[in-house]
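Structure, as structure tokens:
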Amino acid sequence: MIDKAAKILKQAEFVAVLTGAGISKDSGIPTFRGKDGLWRNFSPEELATPQAFQKNPKLVWEWYNWRRSIIYRAKPNAAHISLVKLEEIKKGNLWIITQNVDGLHIKAGNKNVIELHGNIWSERCIACGFKRYNECVYEYENLPPKCPECGNLLRPDVVWFGEPVRHLEESYQIVREADVLLYIGTSAVVYPAASLIELSIASGKYVIEINYEKTHLSDYVSVSLIGRAAEILPHLVQKL
Ligand code: NAD
Ligand code: ZN
């Protein structure tokens, strides 16, 4: 199966890659749906919403600050690094569309990266539009952080449930133009990212899946590689 995936990637002129939380698992960052994804018994659906922030901004920031503390220490793993090699092999004819907010693709060195859900280090004011990139973990007493311009609340500049994802048109365009879609470490249930996979399948493109377990789309893809991304991707890229 890995040879078949390598052949598809070798022949492709333009590659689209969609990544989810699973690719960063081996960097020590928990996925939402894994058993370590819960924080103090809250599910992400209870915290990553505009309503939750309105009700209790401190609680939502505490959760983000906890996630920041994990991501602060995390380094790109072999899977991220393999995608940098793949971008080089494809001479830049490759785009990564990620659902992750950890910024690890950019840290690894990929140049063509779309962050559908934003970046965990980005913050914006709920009132005046002030925005900053602030790679820090806050002291508990400084939560929730305030806008230096107007004193209102800052919020994580990420996409919450019920909010529109970013760069969606551009992402559709990339998937439409690509010869192959490689999707990695995503349960393929969060929309509209999942619809990018469905679009590729429906239009008869090559689709390669790398995931720790089967997904509901495994039976419909060209190649399904089941296992850890940090193990499979280096093998795959080595064959190119
Ligand atoms: P998910 O948690 O729904 O699914 C993760 C998938 O990765 C699962 O199917 C799991 O089997 C697989 N997986 C786990 N370990 C793996 C490994 N080592 N190698 C390969 N696959 C592995 O994640 P999702 O579908 O990406 O969606 C959840 C949402 O949560 C996203 O919108 C994202 O913004 C957010 N999120 C981001 C991060 C991050 O930035 N690192 C972490 C958690 C959640
Ligand atoms: Zn402000």
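Note on Trp121, Trp66: ascending count of other Cβ atoms within 10 Å places them as Trp66, Trp121, the fewest first. Taking amide hydrogens as placed 1.01 Å from N in the peptide plane, the amide H of Trp39 sits under 5 Å from that of no residue at least 5 positions away in sequence or on another chain.
Taking other Cβ atoms within 10 Å as a rough exposure proxy, Arg33, Arg155 sort from fewest to most as Arg33, Arg155. Rounded to the nearest 10 degrees, the angle from helix 2-11 to the longest Cα principal axis of the chain is 90 degrees. Mean-square fluctuations from a GNM of the chain, with a 10 angstrom spring cutoff on Cα atoms, peak among Glu62, Glu139, Glu13 at Glu139. Note on the chain: Cα Rg divided by 2.2 N^0.38 Å, N the number of residues, gives 1.03. The residue list Ala193, Ser171, Gly129 was ranked by how far each Cα lies along the charge dipole of the range 114-220 toward its positive end, using unit charges on Cβ atoms, and Gly129 comes out on top.
Residue exposure proxy: Asp3, Asp179, Asp26, ordered by other Cβ atoms within 10 angstrom of their Cβ from fewest to most, comes out as Asp3, Asp179, Asp26. Take every pair of alpha-carbon atoms less than 8 Å apart whose residues are at least six positions apart; their mean separation over the length of the range 12-137 yields a relative contact order of 28 percent. With 0.36 nm allotted per residue and the present C-alpha distance subtracted, the Asp3-Glu169 stretch has 56.5 nm of extension available.
Each residue of the range 169-180 was assigned a 3J(HN,Hα) from its phi angle through the Karplus expression (A = 6.51, B = -1.76, C = 1.60, θ = phi - 60°), giving 4, 4, 5, 4, 4, 4, 5, 5, 7, 6, 7, 8 Hz with x at Gly and Pro.
Can you give the angle from 0 to 90° between the axis of helix 57-73 and the longest principal axis of the chain, with both taken from C-alpha atoms, to the nearest 10? Orientation of helix 57-73: about 50 degrees from the principal axis.
Between His235 and Asn41, what is 0.36 nm times their sequence separation minus the Cα-Cα distance? Round to one decimal in nm.
Values: separation 194, 0.36 × 194 = 69.84 nm, distance 3.75 nm.
Additional length available on full extension: 66.1 nm.
Less than 5 angstrom separates the built amide H of Leu94 from those of Val15, all sequence-distant by 5 or more or on a different chain. Pairs of Lys residues in the range 89-240 that lie 8 or more places apart, or on two chains, and have C-alpha atoms under 26 angstrom apart add up to 17.
How large is the charge dipole for the range 139-215, taken about the Cα centre, if only the Cβ atoms of Lys, Arg (+1) and Asp, Glu (-1) carry charge, to the nearest 20 debye? Please list the in-between numbers first.
On the way: 6 positive and 12 negative charges, 36 e Å.
Dipole about the Cα centre, nearest 20: 180 debye.
Taking amide H as placed 1.01 Å from N in the peptide plane, Phe130 has its amide H under 5 Å from the amide H of Cys125, each at least 5 places away in sequence or on another chain.
What spacing in nm lies between the two simple spin-label points modelled at Lys55 and Lys91, each 7 Å away from Cα in the Cβ direction? My value for the distance between the label points is 5.5 nm.
Computed on the chain, with alpha-carbon pairs under 8 angstrom and 6+ residues apart, the relative contact order is 27 percent.
Given a 10 angstrom Cα cut-off, can you work out which residue in Leu181, Leu196, Leu143 is the most mobile in a GNM of the chain? Ranking Leu181, Leu196, Leu143 by mean-square fluctuation puts Leu143 first.
Taken together, the values in this text are just the output of simple stated rules run on the coordinates, not laboratory data. Every value quoted in this text rests on a predicted model; they were computed, and no experiment measured them. Note that we place each Cβ from the backbone using ideal geometry, even for glycine, and neighbour counts take in every protein chain shown.
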